[in-house]
Amino acid sequence: MVSKSGYLNRLVFESGSYGEKTNVPKIQIDNFPGGADIFELVVKFCYGWKVDLTAANVAPVICAAHFLEMGEDFKRGNLISRTETFLSFMLLTSWKDIFQILKSCEAVSSWAKELHILKRCSEAIAWKASIDPKTFASRGDDTFQFTTQSNNAEKLQHGSVAENWWFEDVSFLRIDHFLEVIEYVKRKGVRSELVGSCIAHWTAKWISQIHFGKHNLPEHRTHRLLKVTAESLINVLPEETNSISCNFLLHLLKLGTMMRINVEQLNKLERRIACMLEQCSASDLLVKNYDKSTTLYDVKIVLKVVQSYLSLIWNPAPRLHVVGRLMDEYLTMISRDEKLSVEQFQLIADVLPKNSRVRDDNLYRAIDVYLKAHPSLTEDERTSVCRAMDYHKLSQEARGHAMKNQRLPSYVSMRISLLEQVKMAKPMTGSVSDYQRTISESIIRLSKGCLSVTQQNEIKMMKIEVMKMKMQLNALQMCKMQMQRQVKGCTF
């Protein structure tokens, strides 16, 4: 062993006892890479016995060989050169073995990093991820065969392999190894959308393994790891537009907020999501809460992003309509949550200015869904829910539905019925000023106090009258059309 190891050679000769048959010195080796099992493999190599190098032990053996200084200057074909050659062969020919090598590096992390084993593995993964998978099959490489056996790997489709074939295997890597792989994948020129999807895939698997307690907080011992991981993931995100989905960024923002990461990072992430709102769908805004005692979805995180959006836009009018529709659809989706309070509903409904909606039909739909999912609300609470809706912005179809909707509060039903009467009276009369004044006085009178039983009966009668007026108006229009046809038939 002394003849093959510079480290042992130095220790023995410095003790001055080499060659003596008595008082053999005891050599204590601390912090040996890989421990006793790897040292046993080194001993076997030194004595010429068979040593089985595998993907699971080659990295620790390389580290041990460097620790013991087993280079070519002591013996030709020494352990360093033997293991380095084996590692290079594994990296070039076997996809699955690369991940076993990376896994074995966890026990000798500092040595593996210093000896560039992590770098070489990351470069090998990045190189294979950037090449058409069909290339591997033509060379007999095992990459494709291994990948198709992964649980969530894409199946063969039309004779080709999906671009994300490598996601599942990379998702098992530890955070520091994963980040290094992503950096080299970027350098290889892999599309930013693919890089972003890979980061999202890894994060989803990682978060699913964390157990959160009350108030959405994880156990204390994992808090620091979560904080560092969240900050690292944000730093490694590709900068290109639309390279990351809005939903993933919202989840990352929620995690960062929970872990109280750097405020500057949070603000940057929040602004990035705000700039994407106009291209988002309502389902993109759904971010589940980890605490089952609160609402199903995190409402606060969405409100923060929308408020950030309002502070960024400089020409709000046309663009606000897009976000207005988005928020109404989002409100409709979360309104079924029994734990969504009236105050939370109002906050979302009022987060955008009034001019963000051309029509209030979508808002009315959200209100109706919310009232149906919360049948125990009081009259005042139902009135508060409807406060954001502008009755004049409802389409005729929406007004017709609202007039028959028993879930709406009586005061709202009355307002819509009166408005419908006014709109129907206009085409039937030349002047409606007196009629409008009467209706306005009725609204003012009724809005000053609570509705009595008599007044509620009057509203029901008014609804019936409105329906009769609709039928009469339709009959008049039919008569008008018949008369026009008769006039045309009499024209010479």
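Surface exposure of the stretch 236-321, expressed per residue as accessible area with a 1.4 Å probe, stands at 49 Å². Peptides 86-98, 281-293 ranked from most to least packed by the mean count of surrounding Cβ atoms within 10 Å: 86-98, 281-293. Packing order of peptides 242-252, 375-385, highest average first: 242-252, 375-385 (average count of other Cβ atoms within 10 Å over each peptide's residues). Under the combined filter of DSSP loop state and at most 11 neighbouring Cβ atoms within 10 Å, the stretch 228-287 retains these GluC sites (Glu not before Pro): Glu239.
For Glu72, neighbours were defined as the other residues whose beta-carbon sits under 15 Å from its Cβ, and their charges (Lys and Arg +1, Asp and Glu -1) total +1. In straight-distance terms, cross-link reach from Lys292 covers every one of the aspartates and glutamates whose alpha-carbon lies under 17 Å from its own, apart from those fewer than eight places away in the same chain; here that gives Glu219, Asp337, Glu338.
Heavy atoms of the protein chains alone define the surface here; on that basis the stretch 35-136 has 48 Å² accessible area per residue at 1.4 Å probe size. Reported to the nearest whole Å, the Cα centre-to-centre distance from the stretch 343-360 to the stretch 65-117 is 61.
The values are calculated or read from the model by the stated rules, or taken from the named source; none is laboratory data. No experiment lies behind these values; they were computed from the predicted model shown. Please note: Cβ atoms are built from the backbone with ideal geometry, for glycine as well, and neighbour counts cover all protein chains shown. With ligands, DNA and RNA removed, areas are computed over all heavy atoms of the protein, side chains included. Shrake-Rupley method; radii C 1.70, N 1.55, O 1.52, S 1.80 Å.
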